[in-house]
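What follows is a set of notes on a single structure, which appears directly below.
The values are calculated or read from the model by the stated rules, or taken from the named source; none is laboratory data. Bear in mind that the values here come from a model prediction, so they are computed numbers and not experimental data. Cβ coordinates were reconstructed from backbone atoms using ideal geometry, including for glycine residues, and neighbour counts include every protein chain displayed. Calculation scope for accessible area: heavy atoms of the full protein, side chains included, ligands and nucleic acids excluded. Shrake-Rupley method; radii C 1.70, N 1.55, O 1.52, S 1.80 Å.
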Amino acid sequence: SAISEAKVGNASLTISAPVPTSIDIVPTTVTMLKGQSVQLGAAVRDAKGVVIPNQAVSWSSGSTAIAPVTSAGMLSGVTVGTTTITASADGLTTSAPVSVTSVPAASLSISPTTASVVVGNTAQLTATVRDSTGAVLADRAVNWSSSAAAVATVSSTGLVAGVAAGSATISALVDGLS
């Protein structure tokens, strides 16, 4: 109301809630390491692109075996692979690609470091793969090789067999490390 020279004027106003027209996931693409978690966000926008605060968002994962997501948008990398995360609000839906990758190997050691094998006998070697923090990466495939297969062979599990007298170097290869 307004009063001017004893006259009263009124104006009727109607305030309406903004109408959601789009939803965006932040970040728009996720690449994460296995074992890592990432907090996702969603921005619900009106026709002018203005973010509408306090909008309820529901989350889902195309593969919970690869990257499950909580109702609060916390994404976890469980298994190496790719999937899609979907956010929904007010009848709007959008998706973002997710890629879960292996933790990079930083070091590789073989135990024992030296071994003597009698012809016809075997010795078991073990490879230990670690990440940059020193944590063991037990899920890595090790490729074994012998520098002299006529002297010693090595199986895919690191079992060395003495074939003939001589010397050989047994190597392990994981993620480009040897």
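Put +1 on the Cβ of each Lys and Arg and -1 on the Cβ of each Asp and Glu in the chain; which of Ala115, Thr83, Ala105 then has its Cα farthest toward the positive end of the dipole? Positive-most Cα among the choices belongs to Ala115. Rounded to 0.05, the FRET efficiency of the Thr79 and Thr126 pair, given R0 = 22 Å and the Cβ-Cβ distance, is 0.30.
Determine the share of the range 22-178's accessible area contributed by carbon and sulfur atoms, expressed in whole percent, with a 1.4 angstrom probe.
Exposed carbon and sulfur together represent 54 percent of the surface.
Heavy atoms of the protein chains alone define the surface here; on that basis the chain has 60 Å² accessible area per residue at 1.4 Å probe size. Relative to the Cα centre, the charge distribution of the range 1-130, modelled as +1 at Lys and Arg Cβ and -1 at Asp and Glu Cβ, gives a dipole magnitude of about 260 debye.
Over the C-alpha atoms of the range 87-178, the Rg to Rh ratio, Rh being the Kirkwood estimate, stands at 1.31. Note on the chain: percent of Cα-Cα distances in each 10 Å bin, starting at 0 and stopping at the bin with the largest distance, equals 9, 23, 16, 14, 13, 10, 7, 4, 2, 2, 1, 0.
Once the chain from Thr21 to Ala106 is taken as fully extended at 0.36 nm per residue, the excess over their C-alpha distance is 25.9 nm. For the peptides 149-156, 111-118, residues were scored by their other Cβ atoms within 10 Å and the scores averaged per peptide; the highest-first order is 149-156, 111-118. A cut-off of 5 Å between modelled amide H atoms, ignoring neighbours fewer than 5 places along the same chain, links Ser63 with Thr84.
With the convex hull drawn over the C-alpha atoms of the range 20-116, the volume per residue is 99 Å³.
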